[in-house]
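Quick note: the coordinates plus some simple rules give every number you see, no bench work behind them. On a predicted model such as this, the values are computed, not experimentally measured, just so you know. Every residue, glycine among them, receives a Cβ derived from its backbone with ideal geometry; neighbour counts consider all protein chains shown.
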Amino acid sequence: MTMTMTRRTLLGAFGCGLIFAIGLGVSGMTQPGKVVGFLDLFGGSWDPSLGLVMAAAVAVHASFLRWMRRGPSFAAPEIDSCAALTDDELAGISPRARNGFLGTRGGVMAGAAIFGVGWGLGGYCPGPALVSLVSLAPGVLLFTATMLGGMLIYQVLLHPRAASPGGPELTARPTTRPKLAR
Amino acid sequence: MGGALIGLAASGTLFFTGRRAGISGIVGGLLEGLLPGTTAVSPAPADERRWRAAFLVGLLMGGLTLLEAGTGAAFFAGAIGAPVRSYLGLAVAGVLVGFGARLGRGCTSGHGVCGVSRLSAQSLVATATFMITGIATVALVRFTGWFAP
């Protein structure tokens, strides 16, 4: 987003965060017992309700994406419709310019696998943990603190960064974001 | 109902910011450059940080709203009241969630809602992967009794 950020964008982001949090709370995602119950396929008391929550969220968002693709006059800034999740685009480097398996599907799968273990163990994913901070419950504070720590560990160890002197140069190139066509 | 709100918020985020509402990306992006030597190849512009911060403030305000609206621990059962896991379990889980979400380029929101809605192959695979390991973990913890509160 290179253009000057408008107040509308900031207010919109604020409002969306608010709605997101209320959606998480109303649906039960902020209750780790309910999350664990959803993942507890083999415990004899499976609670499928969060699956319906996710289906509803996907249905609404997918409809929105369809609607957006249809309207040629849509004026939001720099909508990207088709790329993989965004870090490498934002950093403006091609995945191939990175070392190791980070830019590949293997990295995504390994990360998702680790994430799932933590999700099942703690019953929180990042959004609900942040929303639950307001409860000031020690368990939530602890989880969120170590979660931020985990993100920092990733950043220090693995995140692509500006090349250190003498190190291999990562080739930066300007990203062209695909417009929402069709 | 709650799910529809989540979908609405994800849509609104895309509409207003042109970005996906992936919580781990929003938070992780804000952490970028916090520690010395962790500056990204091209740091996110200040504007990027501003809308992410605005989103997070909204998220916390939403939490306060829930806290006010719910009677007792209604929306935060397990945080307030009987916990699900021990503190050690929560601490370990936090590290795994934070690290995994960043390495995996997304969490339940980025992959599970935004990515699946776009039918992104990468997100479908990621969502299936974390569902499977999550289910396996819950089964293992149930079987072994580890990290009981």
Inter-probe distance in nm under a simple model that places probes 7 Å from Cα toward Cβ, at A:SER45 and A:ARG70: 4.5 nm
Extended-chain gain in nm, criterion 0.36 nm per residue less alpha-carbon gap, B:LEU140 and B:VAL125: 3.2 nm
Per-selection Kirkwood Rh - region B:1-104 (Cα, Å, 1 d.p.): 16.2 Å
Per-residue Cβ neighbour rank within 10 angstrom, fewest leading, A:ILE22, B:ILE23, B:ILE6, B:ILE132: B:ILE132, A:ILE22, B:ILE23, B:ILE6
Length-normalised contact order for chain B - Cα pairs under 8 Å, 6+ apart - percent: 30 percent
Label-point separation in nm, B:GLU68 to A:ARG8, each point 7 Å along Cα→Cβ: 2.8 nm
Cβ crowding within 10 Å averaged over residues, with A:145-152, A:118-125, A:133-140, A:42-49 ranked highest first: A:118-125, A:145-152, A:133-140, A:42-49
Helix-only [θ]222 nm of chain B, DSSP H runs n ≥ 4, -39500 (n - 2.57) each, per residue, nearest 500: -20500 deg cm²/dmol
Per-residue mean of C-beta atoms belonging to partner chains within 10 Å, peptide B:45-53: 4
Angstrom value of the Kirkwood radius, inverse mean 1/r, which spans all Cα pairs in region B:65-149: 14.8 Å
Neighbouring partner chain Cβ atoms per residue of A:42-48, average, 10 Å criterion: 2
A:ALA55-A:VAL156 pseudo-label distance in nm [points 7 Å out on the Cα-to-Cβ vector]: 4.4 nm
